[in-house]
Amino acid sequence: MPGKPVSKKGNTKKKVDVLFSQENGWLKISKSEHKQIYSFCDGYRNFLSDVKTERQANRKGIDLAEENGFRNLSEFIDKKKKLSSGDKIYVTISSKTLILVTIGKNNLETGMRIIGGHTDSPRLDLKPRPLYEDGQMSLLDTHYYGGIKKYQWVTIPLALHGVVNKKNGEQIAISIGEAPDDPVFNITDLLPHLGKDQAEKKLSEGISGEGLNVLFSSIPKNDKDAKEKIKLNAMELLFQSYRITEEDLISAELELVPAGSARDSGIDRSMILGYGQDDRVSVYTGLLALLDQKEIPAATSVCILTDKEEIGSVGSTGMYSFLFENVIAEIINLTTDNYSDLTLRRCLKNSKMLSADVNALHDPNYPEVSSPNDNMAKLNHGLILTKYVGARGKSGSNDAHAEYLAELRKLFDDANVIWQTGEIGKVDQGGGGTIAFMMARYEMDVVDCGIGLLSMHAPWETAGKLDIYMAYKGYKAFYSF
Ligand code: MN
Ligand code: MN
């Protein structure tokens, strides 16, 4: 039975807009904010160009944190020095995962405000025995990391980054292919003239995982007795430059990534084209939101820059490990006189989190996969609140609570953050996962909240500058809420 119609008399004060529409964010912002967006994204573009691996992201994060007064938590632990409101600390785990914390005014038991993004991106890792010789060339054998479309990785210039650990404990950093006069590396593809059989294969099979072999060198060593002269020459060059042997490559982590800098994209320079924006866009915006805090926040602010998200958050530097609990336990131990497990559990349970990861944008080249009826996020429509991810009936999804979404709508609106809703494509098209459900195990409120990309997981991904800036603005507001 319908209710009584509301009388016209009682409804004259304010006209309620019963419909919701989202327009292009560029139509809503001021001239001064327009400028801010461009200058913020200059910094982001440089960050993206400098940071190509999870280790480099970790290093850069520590450098920026230290410049902003953050200190290593181990200093406090070693000296049994207590932490108090306003203290800024960081914890680095195996040079890959970084956690930054600003101790707030409120008791930790009342919960923290956590923003969590990931530093790892899809790439090609070298195998433990990578170097071999074939067809008068030396090549590097790879095992890809994360979800890639293999055909995208052939013929493009690749840079080699990473570390080699020697038996004597020495660690050698390698980075080749980013400076303009550096050599680059490359995976060859078949010429179309001979590509008849390849062209008939499925797109996912045209280039195989074992086919991702990187051309490394071609000059043989002039040594009659040597069996593999080209491989030997290549290894000798590595020894001359880095004092490493083939055996040392066993204890190495060397990654091939697209070579070169991130660029402004579009005639209006409104976008960024760059490698690794999944998820370094959240890393940069989340990190700066924390570093740019002017006042001591009420709730303790935490920024997690985690590793291994692209392969399921496993391993000791992934969010599925106990790393986060361990760090918060140390912090509680240093902020209270009597450490209690109950304090830790309450602190985690009462926390609120934004799982800062990227989502898919509507792509006019592939409209058939988009979630219809305004449910697909759009370029330049701001930061995305993604209630659920998962696949086939939301399976594996955190599915954030309506109550929490209402709080965030208010928070973002009050802070003039341009935001939108999003879904990873239409129902039953595919799906994805983030670290949200792992953090929800602590019973805290978590929602996926990051920006959208075009060509996600491709060697070069596209993001809108307005969206990037709105992530920063939204994350900053979140830390004060
Ligand atoms: Mn991601
Ligand atoms: Mn990803």
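Some notes on this structure:
- Flag for residue 218 being of a type in the set (S, T, N, Q) and under 15 Å from residue 133 (Cβ atoms): yes
- For segment 253-284, residues that are within 16 Å of ligand 2 (Cβ to nearest atom) and of a type in the set (Val, Ile, Thr) total 3.
- Checking residue 358 against (1) surrounded by fewer than 22 Cβ atoms within 10 Å (Cβ to Cβ); (2) within 19 Å of residue 451 (Cβ to Cβ); (3) touching a helix residue (DSSP H, G or I) at 6+ places or on another chain (Cβ under 6 Å), the condition it does not meet: (1)
- Within segment 196-205, tally of residues that are surrounded by 10 or more Cβ atoms within 10 Å (Cβ to Cβ) and in contact with a Gly (Cβ under 9 Å, 6 or more places away or on another chain): 1
- Matching residues, segment 180-195, being exposed (fewer than 13 other Cβ atoms within 10 Å of the Cβ) and outside any loop (DSSP other than H, G, I, E, B): 192, 193, 194
- Residue in segment 435-444 that is among the β-branched types (Val, Ile, Thr), crowded, with 24+ Cβ neighbours inside 10 Å and within 16 Å of ligand 1 (Cβ to nearest atom) present: yes
- Unmet criterion (only one of (1) more than 15 Å from ligand 1 (Cβ to nearest atom); (2) among the small types (Gly, Ala, Ser); (3) more than 25 Å from residue 102 (Cβ to Cβ)) for residue 329: (3)
- Pairs with Cβ under 6 Å, 6+ apart, first in segment 226-244 and touching a residue at least 40 places away in the same chain (Cβ under 8 Å), second part of a helix (DSSP H, G or I): 244/238
- Members of segment 298-326 found to be in contact with a Ser or Thr (Cβ under 6 Å, 6 or more places away or on another chain) and either over 17 Å from residue 355 (Cα atoms) or within 16 Å of ligand 1 (Cβ to nearest atom) (or both), listed by number: 305, 306, 307, 308, 317, 319, 320
- Candidates 405, 385, filtered to the one that is out of contact with any Gly (no Cβ under 7 Å at 6 or more places or on another chain), surrounded by 17 or more Cβ atoms within 10 Å (Cβ to Cβ), touching a residue at least 12 places away in the same chain (Cβ under 8 Å) and of a type outside the set (Ser, Thr, Tyr): 385
- Where residue 133 falls short, out of the listed (1) away from ligand 1 (no atom under 16 Å from the Cβ); (2) at pLDDT 95 or above; (3) over 30 Å from residue 233 (Cα atoms): (3)
- Of the residues 450, 464, 396, the single one that is surrounded by 18 or more Cβ atoms within 10 Å (Cβ to Cβ) and within 16 Å of ligand 2 (Cβ to nearest atom) is 450.
- Some residue of segment 269-284 being surrounded by fewer than 14 Cβ atoms within 10 Å (Cβ to Cβ) and either away from ligand 1 (no atom under 16 Å from the Cβ) or without any contact (Cβ under 8 Å) to a residue 60 or more places away in the chain (or both): yes
- Of the helices (runs of 4 or more DSSP H) that lie entirely inside segment 388-481, those containing 1 or more residues that are at pLDDT below 95 and either farther than 30 Å from residue 259 by Cα or of a type outside the set (Val, Ile, Thr) (or both) span 436-440.
- Criterion (surrounded by 14 or more Cβ atoms within 10 Å (Cβ to Cβ) and assigned by TED's automatic domain parsing to the domain that holds residue 50) met by exactly one of 108, 158, 131: 108
- Residues of segment 415-434 classified as touching a Leu at 6+ places or on another chain (Cβ under 8 Å) and either crowded, with 20+ Cβ neighbours inside 10 Å or outside the structural domain of residue 321 (by TED's automatic domain parsing) (or both), total: 5
- Unmet requirement for residue 310, which otherwise passes all of (1) charged (D, E, K, R); (2) within 16 Å of ligand 2 (Cβ to nearest atom); (3) surrounded by fewer than 17 Cβ atoms within 10 Å (Cβ to Cβ): (3)
- Applying a threshold of 7 Å to beta carbon distances and a minimum spacing of six or more residues, or different chains, the list of pairs starting in segment 424-441 at a residue that is in contact (Cβ under 8 Å) with a residue 60 or more places away in the chain and ending at one that is within 15 Å of ligand 2 (Cβ to nearest atom) and among the charged types (D, E, K, R) reads 434/357; 434/448; 435/309; 436/448.
The values are calculated or read from the model by the stated rules, or taken from the named source; none is laboratory data. Everything numeric in this text was worked out from a predicted model, so none of it was measured. Cβ coordinates were reconstructed from backbone atoms using ideal geometry, including for glycine residues, and neighbour counts include every protein chain displayed.
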